[in-house]
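The values are calculated or read from the model by the stated rules, or taken from the named source; none is laboratory data. Just so you know, these numbers come straight off a predicted model, no measurement behind them. A quick note on method: Cβ atoms are made from the backbone with ideal geometry, for glycine too, and the neighbour counts reach across all protein chains shown. Just so you know, the surface numbers come from the protein's heavy atoms only, side chains and all, with ligands and any DNA or RNA stripped out. Shrake-Rupley method; radii C 1.70, N 1.55, O 1.52, S 1.80 Å.
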Amino acid sequence: MSQPIPPGSGQHQVTTKKYTFAPRMAKTPKSFIREILKVTEDPRIISFAGGLPSPALIDVDNIAAAAASVLAKDGRTALQYSTTEGYRPLRQFIADRYRKRLGLEISPDEILITNGSQQCLDLLGKVLINKGDHIAIERPGYLGAIQAFSLYEPGFHPILLHEDGPDPAQLADCLLKFPVRFFYGIPNSQNPSGITYSEERRREIAGILEKSDALFIEDDAYGELNFAGKSLPSLRQFIPEQTIITGSFSKILAPGMRMGWVVAPPAIMEQLVIAKQASDLHSNYLCQRIAAEYLQNQNIDAHIEKIRASYRKQRDVMINCMQDLFPDTVSFTRPQGGMFIWVTLPEGISSMKIFDAAIKENVAVLPGSPFYVDGGGDNTLRINFSNSTEDKIRTGIERLASVIRKQSQS
Ligand code: PMP
C-alpha cells in the first residue's frame, strides 16, 4: 500500500531547471495593485488601495433568481458552447443602452462580449500592436492597460492629463512626430485620477485625432457611474470610424461575472473576433445568459441610481474629511463619478513612505508612481472610496492625515 502523502508535498520543491521565457515577459510589469492587495487582506486594515465595488451593492438575490431561471428554462443550451461574438439579446441590450444614454446608433454586430473589459485591452493589443509601435496613453494612465499593452512591446507616449482632460497640444505634437497606432483614454471618471474630460476637450481631442490615422480607444468602465446622472458625449459621436469603445458590467452588476464588451467598426471587429476565437473561443456563456435574464427582468436604471447615490455619499464623506484634516499643502481631485480620488502630496514627500507608514496604522493607500510609464508621480496616491463604509472612510482618512502630517514634518 502506498504511503499517505503529507500536506504540502509537491509544493515549494527546489529546482535547478532553468526556464526560458519570451523576452516580452521581462518587459511586462507585475500588477502592483494585485501585489499590494495581498498585504491588505488583513481584516484589521482599512483599505483604500483596491478598486472594488461596494459588496452591499451587488444584487445577489436577483442574480441568483436569474441564474435559477436560466438553468431551469434552458440549462442544456446555457451550459453548451456558444458563438464567439456573444449572446445576441445581451448585445442588443448594450446597443439599446447606448442609444438611450448617449444617442449613439450602434448595431449589435459591432459589439463583442468579452471576459471583462480587461480582455478587450489584451485583444486590442493583439490585433493592433507590433513590437516597437507607438501608442499614446494618459499620464497618469490605467495600470491594467499599461500591463495589457506592454505584452505587445509598444513604445508608450504619455499625454499629460489636466483637470479637464488630456493636454491637446501634447497629443497633437505626438501625433505629428510619430505614427501613433492609437490613443488610449478614459474620458469618464478616469482610473486612477477620477478626472472626467470636459465636453469641449472631447471635441478638441476628436478634432486632433481626426487629422491623423490614430484610433481612439475609449475605455468607458465608469460611464454609468456619473453621480449627476449626466452623460457627456463619447468620441464615437465625433469620429465614429476611429473610435473603439470598451464597456463593462463589473461596476453595475458584479465584477466576478467577468462580463465586458468592445464596440468597434466592422473591419476591426472582424480581427477582434479572430483574436477572441484563438484566445478563449467565447466568453462564459452561462454568465452571459444570467446577465441577460437579470437585465430583462430587473430595473437596471433604479439599481444604477442606487449605486450612484451611495458612491456620491461616500465620495462626499471622503472629500469633507480630506478638506478638514489634510494639510493645505496636499491637493486632491473632486471626481464627478467613478470610484477614485487622486491625491498630490507636496513635492519631496514619497508616497511609498506614506504607504509604509500608513500600513503600520492599519490603513492602505495606493502609491501613484506605477501609473506613470515614464517615471515620476512619486508624490501621488490613488484612494478608493467605493469599497469602504462611511465610518471606515472617516477613521481611515483620520489615520492617513496624521501619517501625512508626520511625514511633512520629518
Ligand atoms: N478599465 C478600467 C479603467 C478599469 O478601472 C477596470 C477595472 N479596474 C477595467 C478596465 C477592467 O475591468 P473589468 O475587466 O472588470 O471590466
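Examine region 198-205 for a residue that is more than 16 Å from the ligand (Cβ to nearest atom), more than 30 Å from K306 (Cα to Cα) and either assigned to a loop (DSSP other than H, G, I, E, B) or open to solvent by less than 10 Å² (accessible area, probe 1.4 Å) (or both), and state whether such a residue exists.
Looking through region 198-205, at least one residue is more than 16 Å from the ligand (Cβ to nearest atom), more than 30 Å from K306 (Cα to Cα) and either assigned to a loop (DSSP other than H, G, I, E, B) or open to solvent by less than 10 Å² (accessible area, probe 1.4 Å) (or both).
Filter region 206-223 down to the residues that are in a loop (DSSP other than H, G, I, E, B) and among the aromatic types (F, W, Y) and list them by number.
Y222
Please find, among G50, G132, G75, G125, the residue that is away from the ligand (no atom under 16 Å from the Cβ), more than 23 Å from Y285 (Cα to Cα) and small (G, A, S).
G132
Output the residue which, of all residues in region 256-273 that are away from the ligand (no atom under 16 Å from the Cβ) and free of Cβ contacts under 8 Å to residues at least 12 places away in the same chain, is least open to solvent (accessible area, probe 1.4 Å).
The residue in question is A267.
Look through region 209-232, keep the residues that are away from the ligand (no atom under 16 Å from the Cβ) and crowded, with 20+ Cβ neighbours inside 10 Å, and return whichever of them is nearest to the chain's Cα centre (by Cα).
Among residues in region 209-232 that are away from the ligand (no atom under 16 Å from the Cβ) and crowded, with 20+ Cβ neighbours inside 10 Å, the one nearest to the chain's Cα centre (by Cα) is L215.
Of all residues in region 233-245, which are within 16 Å of the ligand (Cβ to nearest atom) and within 15 Å of A95 (Cβ to Cβ)?
S234, I245
When only residues in region 125-169 that are under 15 Å from the mean Cα position of the chain (by Cα) and within 14 Å of F216 (Cα to Cα) count, which is surrounded by the most Cβ atoms within 10 Å (Cβ to Cβ)?
Here the residue is E138.
Given the structure, is R315 modelled with pLDDT of 95 or more and within 17 Å of S193 (Cβ to Cβ)?
Yes: the conditions hold for R315.
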